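Below is one structure, written out as structure tokens; comments come after it.
We did not get these values from a lab; they are worked out from the coordinates using the rules stated. Here the structure is a predicted model, which means the values were calculated and not measured. Methodologically, a virtual Cβ is constructed for each residue, glycine included, from the backbone with ideal geometry; neighbour enumeration extends over all protein chains shown.
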Amino acid sequence: MISDKDVETYNRRGYLVVPNVLSDEEVAELRQVTEEYVEKSRTVSAHTDVYDLEPGHTKDAPKVRRIKTPHAWHPAYGKMVKHPKILSVLQKLWGPNIRFDVSKLNLKSAGFGSPIEWHQDWAFYPHTNDDLAAVGIMIDDFTSDNGAMMVIPGTHKGPTYDHHTNGYFVGGIDPSKSNIDFSKAVQCLGKAGSITIHHVRLLHGSAANISGKPRRFLLHQYRTADAWPLVIKPESWEKWDDMLVCGEGTVAPRMKELPIRLPFPPAPNQGSIYENQRDLETRFFKSADELEKKLEPAQ
């Protein structure tokens with residue numbers, strides 16, 4: 001699926017966009033299942049183990065911003081965890097031994113999908129080494145106005161930035177204090193069925209969706225089998241072992257000297273990253289309500 005040159009690009013820039021990974025049929029199934037889950041959200045009025053809701057969600061106007069751990073709720077999502085083309089990309093980057101971590105499905109509905117502020121995944125879950133990445137499956141076309149993921153190339157080789165506000169870990173970076181050159185940010189654009197791979201230390205975020213079409217992004221987090229978490233211990237050995245998606249496990253972690261900040265004390269608002277970032281005092285991205293909505297008719 002990827003070449004040696006792609007591997008060099010990933011190592012240098014910290015991300016890749018790989019087109020044509022999923023078939024049209026696979027994309028169609030993911031869309032159908034996702035639409036069914038949004039429809040079912042009419043029966044809930046607060047965040048649940050399945051749903052993270054947008055502000056303003058109602059029975060008559062369902063607004064879902066995240067489906068939590070989707071691989072655990074429906075086989076259409078679950079089978080993506082071991083998708084052979086995705087695993088082949090990861091093995092090309094890291095070698096044969098790979099462990100899955102967790103999944104999430106971020107939804108940016110037409111005209112109001114919430115932004116996610118700049119952050120590094122590494123700030124949430126440092127490990128013994130940094131051969132970790134998130135694979136994002138584009139369920140829709142990712143365009144310049146629908147909240148496509150943005151990254152700052154090369155930042156995976158830099159510091160671990162402060163994700164705290166008023167002494168609490170809020171899962172986002174204060175853009176006024178970071179000295180980050182945000183002008184270097186690029187969007188990860190592509191057709192539905194494409195995937196992104198971004199390094200665990202890469203700075204990334206996303207703007208609000210101001211288009212007239214949805215933007216749905218199924219994210220799976222992976223790590224090499226010799227990368228062990230420093231903060232959250234495995235729930236049980238059986239579950240830890242079940243997360244191995246290819247190759248062999250090990251009880252000998254590979255150690256690498258890396259810049260680490262611990263995600264403590266926890267944010268006052270717990271839950272998804274959207275909840276954590278509520279306490280971030282200075283923001284980079286504006287909400288859809290603050291932006292001019294350039295809605296286009298859905299096809």
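Return the only residue of Phe124, Phe142 being of a type in the set (Phe, Trp, Tyr) and in contact with a Leu (Cβ under 9 Å, 6 or more places away or on another chain). Walk me through how you get there before you give the answer.
Numbers: Phe124 fails: in contact with a Leu (Cβ under 9 Å, 6 or more places away or on another chain).
After applying the criteria, what remains is Phe142.
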## Note on the structure
With criteria (1) surrounded by 18 or more Cβ atoms within 10 Å (Cβ to Cβ); (2) among the charged types (D, E, K, R); (3) closer than 25 Å to Pro175 by Cα, Asp140 comes up short on (3)
### Message
Being in contact with a Lys or Arg (Cβ under 9 Å, 6 or more places away or on another chain) and either more than 18 Å from His198 (Cβ to Cβ) or in a loop (DSSP other than H, G, I, E, B) (or both) is the filter here; which residues of segment 134-158 pass it?
### Response
Ile139, Asp140, Asp141, Thr143, Asp145, Asn146, Gly147, Ala148, Ile152, Pro153, Gly154, Gly158
### Task
Sort through Ser206, Ser211, Ser194 and tell me the only one that's in contact with a Pro (Cβ under 7 Å, 6 or more places away or on another chain) and farther than 26 Å from Pro268 by Cα.
Ser194
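One residue is enough: does segment 57-67 have a residue meeting the conditions under 17 Å from the mean Cα position of the chain (by Cα) and closer than 30 Å to Ala252 by Cβ?
Applying the first criterion (under 17 Å from the mean Cα position of the chain (by Cα)) to segment 57-67 yields 64-67.
From what is left, the residues that are closer than 30 Å to Ala252 by Cβ are none.
Among the residues of segment 57-67, not one is under 17 Å from the mean Cα position of the chain (by Cα) and closer than 30 Å to Ala252 by Cβ, which makes the answer no.
Residue-wise test of (1) surrounded by fewer than 18 Cβ atoms within 10 Å (Cβ to Cβ); (2) without any contact (Cβ under 8 Å) to a residue 12 or more places away in the chain; (3) under 17 Å from Ser109 (Cα atoms).
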residue	(1), (2), (3)
Ser3	yes, yes, no
Val7	yes, no, no
Tyr10	no, no, no
Leu16	no, no, no
Pro19	yes, no, no
Leu22	no, no, no
Arg31	yes, no, yes
Glu35	yes, yes, yes
### Query
Using beta carbons and a limit of 6 Å, which pairs, at least six apart or on different chains, have the first residue in segment 149-161 and among the aliphatic types (A, V, I, L, M) and the second one surrounded by 23 or more Cβ atoms within 10 Å (Cβ to Cβ) and assigned to a loop (DSSP other than H, G, I, E, B)?
Val151/Leu202; Ile152/Leu203
## Note on the structure
Filter segment 162-217 for residues that are out of contact with any strand residue (DSSP E or B) (no Cβ under 9 Å at 6 or more places or on another chain) and not in a loop (DSSP other than H, G, I, E, B); the one that is nearest to Lys256 (Cα to Cα) is His164
